[in-house]
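Worksheet: one structure, shown below.
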Amino acid sequence: MIQVFVNSIIYASEIAIVAVGISLAYSILRFANFAHIQFAVVGGYATYVATELGLPLILAVPASAVFVGGLAVVVDILVFSRLRHISPEGKMIVSWGVALLIRAIVASIFGGGSIIIETNTTPIRFAGAIFTSLDVIVVSATVAFMVLLHAFLYRTRTGSGLRALASNYDLAVTRGIPGERMIRLMWFISGAYAAIGGSLIALETRLQPNMDLIILLPVFAAVTIGGLSNVFGAVLGALFLSLAQNFIISIDFGSLVSDQSWFVPSQFRDYVAVLALVLVLLLRPSMTKRGAN
Amino acid sequence: MTQSETKAPILELRAVTAGYGLITVLNDVAVQLHPGEILTILGANGSGKSTVLKTTAGLTRILGGAITFAGEDITRWAAHRRAASGIGYVPQNQNVFLDLTVADNLKMGAFLRPKSFDRDVEEVYALFPRIKEKRRVLAGTLSGGERRMLSIGLTLLLKPKVLLLDEPSSDLAPTMVDSVFEAIARIHRELSIPILLVEQNVNRALALADRVCVLVRGKDALDCKPADITTEDLHGLFIDGGVRTS
């Protein structure tokens with residue numbers, strides 16, 4: 001059981017750090033940015049390229065974060081900034097288009113094969129659970145970046161300005177808060193966090209062009225459970241989801257009804273995400289309504 | 001008042017055409033606000049009077065004409081730059097940050113002037129003692145009247161050179177209307193800020209205003225002193241405009 005809990009924490013960390021960027025963008029611009037998943041994928045590949053160029057991981061991941069943060073700003077300048085006044089549904093569809101374009105570019109550069117970023121990890125045995133030194137880094141990096149984001153949003157003047165824009169855009173800009181400049185900053189943070197998340201996922205598993213499909217559902221489910229525009233709700237959403245997914249596939253349902261053991265195949269893990277999402281939406285309709293205001 | 005008419009206007013809209021997206025709401029509207037005066041814009045629902053204020057604050061698409069403020073052409077300025085130059089806009093609806101505390105709302109109002117916040121906020125508290133009592137609660141839990149006071153208060157923290165007030169009396173209990181209008185009169189008297197006021201409450205607005213202009217279907221139709229205006233004038237204008245006065 002402790003092992004399942006540990007696995008859940010690790011998986012939740014990877015999902016959460018990607019998910020916060022979607023919430024951040026949604027909170028101000030009110031649309032679900034599907035290209036965000038691609039930012040995470042590009043982040044993973046950028047970290048790989050940086051390590052190939054000889055950078056140690058501790059520098060490769062920040063370099064990737066800056067690169068993808070910049071990419072997110074460029075995408076905003078080229079695409080989303082021109083569509084500020086169209087409907088959220090329209091922006092969402094356009095973000096799909098952006099996602100597919102980025103996907104095609106990544107595949108054309110790196111090919112379809114999977115790439116493993118070499119790391120030295122040592123297994124750690126603690127309180128009956130087994131994990132690696134990399135897992136420790138993934139979880140502590142996520143916690144550190146969440147604390148940093150919270151401090152930025154709640155302790156700095158610029159962060160307060162972002163929260164004001166998220167709360168009431170027109171009121172915020174007529175208070176003198178520079179909306180467009182702040183949106184650029186928001187995109188940079190969002191892209192950088194996606195890159196960090198994508199890099200951590202790439203380190204834990206491997207880089208492949210379809211890793212977007214693997215993380216798409218859990219990330220969006222986490223964001224939706226968290227209430228869409230609530231940045232730290234997305235973190236809780238990721239934790240809840242991860243626990244649900246890992247516990248469901250670890251329960252021996254077979255032994256409950258017969259003497260043969262039967263587990264939910266782990267391929268169904270994502271459908272557990274959908275099921276958890278539906279249950280939460282049915283039971284807590286107010287959570288999602290808040291974001292729609 | 002004769003004095004104010006001789007001075008150059010601090011805010012002027014010249015032949016402004018503006019709207020939202022593809023919809024045009026204002027056509028060739030001209031408004032002049034002089035230093036020290038209260039100018040009231042009257043008009044029926046949908047006449048575009050709120051859009052005049054939004055256009056001045058920088059929240060609409062301006063398709064033609066020009067806006068000058070304190071001697072500068074601000075027609076192409078973004079909303080935040082207009083606020084920084086001294087345009088204080090109090091919206092009719094969604095005029096506070098609902099999910100922030102009252103104190104944080106006031107801090108947002110002072111976004112451009114964080115250093116003098118502690119001193120400035122006391123002036124707002126002096127004007128609206130109730131806001132001080134409620135400073136730790138979420139703005140979303142305030143009553144309609146308290147919300148209106150907060151929205152005026154957080155706008156004053158900008159140290160505006162003009163105030164744009166959009167229907168400050170709407171959806172308020174009569175006693176609240178009294179105190180909101182008293183506060184507006186006091187702000188005008190003590191801080192001598194010129195005010196562009198949009199109102200549906202005709203009698204209240206006429207009592208407070210130095211001048212009145214009436215907007216009918218996005219075009220200004222009348223510009224004279226409140227004492228000159230008769231109920232028949234207004235009635236005629238609203239009917240001629242084909243807009244119900246209710």
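Step by step: first the residues of the range B:63-87, then only those that are assigned to a strand (DSSP E or B) and either at the interface with another protein chain (Cβ under 7 Å from one of its Cβ atoms) or touching a Lys or Arg at 6+ places or on another chain (Cβ under 8 Å) (or both), then the one that is surrounded by the fewest Cβ atoms within 10 Å (Cβ to Cβ). Which residue is that?
B:Ala66
Modelled with pLDDT under 95, more than 17 Å from the chain's Cα centre (by Cα) and crowded, with 21+ Cβ neighbours inside 10 Å, is that true of A:Leu55? It would help to see each step written out before you state the result.
Working: modelled with pLDDT under 95: yes; more than 17 Å from the chain's Cα centre (by Cα): yes; crowded, with 21+ Cβ neighbours inside 10 Å: no.
Criteria not met by A:Leu55.
The rows are residues; the columns are (1) over 23 Å from A:Ala164 (Cβ atoms); (2) at pLDDT 95 or above.
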position: B:Leu127; (1), (2): no, no
position: B:Arg130; (1), (2): no, no
position: B:Thr155; (1), (2): no, yes
position: B:Pro160; (1), (2): no, yes
position: B:Leu164; (1), (2): no, yes
position: B:Leu191; (1), (2): yes, no
position: B:Ala207; (1), (2): yes, no
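Inside the range B:31-51, can you point out the residues that are within 18 Å of B:Leu206 (Cβ to Cβ) and not in a loop (DSSP other than H, G, I, E, B)?
The answer is B:Val31, B:Leu33, B:Ile38, B:Leu39, B:Thr40, B:Ile41, B:Leu42, B:Lys49.
Looking at (1) surrounded by fewer than 17 Cβ atoms within 10 Å (Cβ to Cβ); (2) under 19 Å from A:Val18 (Cβ atoms); (3) among the β-branched types (Val, Ile, Thr), which is the only condition A:Ile215 fails?
Going through (1) surrounded by fewer than 17 Cβ atoms within 10 Å (Cβ to Cβ); (2) under 19 Å from A:Val18 (Cβ atoms); (3) among the β-branched types (Val, Ile, Thr) one by one, A:Ile215 breaks only (1).
Please work out which residue is modelled with the lowest pLDDT, limiting yourself to the range A:76-103 and to residues that are within 14 Å of another protein chain (Cβ to nearest Cβ) and not in a helix (DSSP H, G or I).
Among them, the one singled out is A:His85.
Considering A:Ala12, A:Ala107, which residue is farther than 24 Å from A:Ala221 by Cβ and in contact (Cβ under 8 Å) with a residue 24 or more places away in the chain? Give the derivation first.
Values: A:Ala12 fails: farther than 24 Å from A:Ala221 by Cβ.
Result: A:Ala107 is the single residue among A:Ala12, A:Ala107 that is farther than 24 Å from A:Ala221 by Cβ and in contact (Cβ under 8 Å) with a residue 24 or more places away in the chain.
Condition test on B:Ser169, is it touching a helix residue (DSSP H, G or I) at 6+ places or on another chain (Cβ under 7 Å) and of a type in the set (Ser, Thr, Tyr)? Step through it out loud before you land on a result.
Details: touching a helix residue (DSSP H, G or I) at 6+ places or on another chain (Cβ under 7 Å): yes; of a type in the set (Ser, Thr, Tyr): yes.
Taking the combined requirement at face value, the residue satisfies it.
When residues of the range B:138-164 are filtered for being crowded, with 20+ Cβ neighbours inside 10 Å, part of a helix (DSSP H, G or I) and within 11 Å of another protein chain (Cβ to nearest Cβ), how many remain?
Of the residues in that region, 4 qualify.
Is it the case that A:Gly43 is without any contact (Cβ under 8 Å) to a residue 40 or more places away in the chain and either assigned to a helix (DSSP H, G or I) or surrounded by 13 or more Cβ atoms within 10 Å (Cβ to Cβ) (or both)? So that I can check it myself, show each step before the final result.
On the way: without any contact (Cβ under 8 Å) to a residue 40 or more places away in the chain: no; either assigned to a helix (DSSP H, G or I) or surrounded by 13 or more Cβ atoms within 10 Å (Cβ to Cβ) (or both): yes.
So A:Gly43 does not fit the description; no.
Among the residues of the range A:229-258, write down those that are crowded, with 24+ Cβ neighbours inside 10 Å and either hydrophobic (A, V, I, L, M, F, W, C) or under 12 Å from the mean Cα position of the chain (by Cα) (or both).
A:Val231, A:Ala234, A:Val235, A:Gly237, A:Ala238, A:Leu241
Quick check, is B:Leu127 touching a residue at least 60 places away in the same chain (Cβ under 8 Å), more than 14 Å from every other protein chain (Cβ to nearest Cβ) and among the aliphatic types (A, V, I, L, M)?
It is true that B:Leu127 is touching a residue at least 60 places away in the same chain (Cβ under 8 Å), more than 14 Å from every other protein chain (Cβ to nearest Cβ) and among the aliphatic types (A, V, I, L, M).
Under the condition of being farther than 25 Å from B:Ser169 by Cβ and either in a helix (DSSP H, G or I) or within 21 Å of the chain's Cα centre (by Cα) (or both), which residue from the range B:92-112 is farthest from the other protein chains (Cβ to nearest Cβ)?
Among those residues, the one meeting the criterion is B:Ala103.
Out of A:Ser242, A:Ser250, A:Ser199, which single residue is at pLDDT below 90 and among the polar types (S, T, N, Q)?
Result of the check over A:Ser242, A:Ser250, A:Ser199: A:Ser250.
Within the range B:105-119, how many residues turn out to be touching a residue at least 12 places away in the same chain (Cβ under 8 Å) and charged (D, E, K, R)?
Within the range B:105-119, the first condition is being touching a residue at least 12 places away in the same chain (Cβ under 8 Å), and the residues that meet it are B:105-106, B:108-110, B:112-113, B:117.
So of that shortlist, the ones also charged (D, E, K, R) come out as B:113.
Selection size over the range B:105-119: 1.
A:Thr174 is checked against (1) surrounded by fewer than 24 Cβ atoms within 10 Å (Cβ to Cβ); (2) at pLDDT 90 or above; (3) within 14 Å of chain B (Cβ to nearest Cβ) and fails just one. What number does that condition carry?
Among (1) surrounded by fewer than 24 Cβ atoms within 10 Å (Cβ to Cβ); (2) at pLDDT 90 or above; (3) within 14 Å of chain B (Cβ to nearest Cβ), A:Thr174 violates only (1).
Does A:Leu134 satisfy the criteria of being touching an Asp or Glu at 6+ places or on another chain (Cβ under 9 Å), away from every other protein chain (no Cβ under 14 Å), assigned to a helix (DSSP H, G or I) and closer than 24 Å to A:Glu14 by Cβ?
Working: touching an Asp or Glu at 6+ places or on another chain (Cβ under 9 Å): yes; away from every other protein chain (no Cβ under 14 Å): yes; assigned to a helix (DSSP H, G or I): yes; closer than 24 Å to A:Glu14 by Cβ: yes.
Judged against the criteria, A:Leu134 is a match.
The values are calculated or read from the model by the stated rules, or taken from the named source; none is laboratory data. These figures come from a predicted structure and were not determined experimentally. Virtual Cβ from ideal backbone geometry, glycine too; neighbours counted across all protein chains shown.
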